[in-house]
1. Please indicate, with yes or no, whether at least one residue in segment 22-42 is over 27 Å from LEU80 (Cβ atoms) and modelled with pLDDT under 85.
2. Being touching a residue at least 40 places away in the same chain (Cβ under 8 Å) and not in a helix (DSSP H, G or I) is the filter here, so list the residues in segment 5-46 that pass it.
3. Quick check on GLN45: is it at pLDDT 85 or above and polar (S, T, N, Q)?
4. I'm checking my understanding of the structure. Among residues of segment 52-87 that are over 12 Å from the mean Cα position of the chain (by Cα) and among the hydroxyl-bearing types (Ser, Thr, Tyr), which one is modelled with the lowest pLDDT?
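The values are calculated or read from the model by the stated rules, or taken from the named source; none is laboratory data. Note that the coordinates shown come from a computational prediction; the quantities given were computed from them, not determined experimentally. Here the Cβ positions follow ideal geometry from the backbone for every residue, glycine too, while neighbour counts run over all protein chains shown.
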Amino acid sequence: MIRRPPTLIRMSDLDVQDVRDLVAAQKQDSDTRNAFVSKIAQTYQGPPPGPERDKELLEHFQAASAWQAAKEDRERRLGLSNDNGASTSRD
């Protein structure tokens with residue numbers, strides 16, 4: 001077997017910073033989504049159904065919907081969405 005040195009991809013400092021920024025943004029999106037899920041789960045484990053609980057659930061779902069809409073708008077602007085409007089990310 002012939003051994004050869006590994007192929008190295010040359011990256012400038014700006015390229016490395018872009019990768020770091022992308023990873024940080026993905027981590028923040030994941031943390032935000034997990035926070036929404038935990039808030040909704042805590043709400044379901046809360047007091048019995050009633051108008052106050054319904055209002056609280058509605059606020060959580062509206063916040064989640066706004067976050068998702070902002071994310072889809074950002075992906076659309078960056079050209080990361082399919083033609084049918086569905087997101088290509090697996091978040």
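1. From segment 22-42, those over 27 Å from LEU80 (Cβ atoms) are 41-42; that's our starting set.
Retained after the next criterion (residues that are modelled with pLDDT under 85): 41-42.
The answer is yes, given that some residue of segment 22-42 is over 27 Å from LEU80 (Cβ atoms) and modelled with pLDDT under 85.
2. Here is the first cut: in segment 5-46, the ones touching a residue at least 40 places away in the same chain (Cβ under 8 Å) are 26, 29-30, 33.
Listed by number, the list is empty, since nothing qualifies.
3. Values: at pLDDT 85 or above: no; polar (S, T, N, Q): yes.
It is false that GLN45 is at pLDDT 85 or above and polar (S, T, N, Q).
4. Narrowing segment 52-87 to residues over 12 Å from the mean Cα position of the chain (by Cα): 52-63, 65-66, 73, 76-86.
Subsequent filtering for residues that are among the hydroxyl-bearing types (Ser, Thr, Tyr) retains 65, 81.
Working: SER65: 86, SER81: 68.
Result: SER81.
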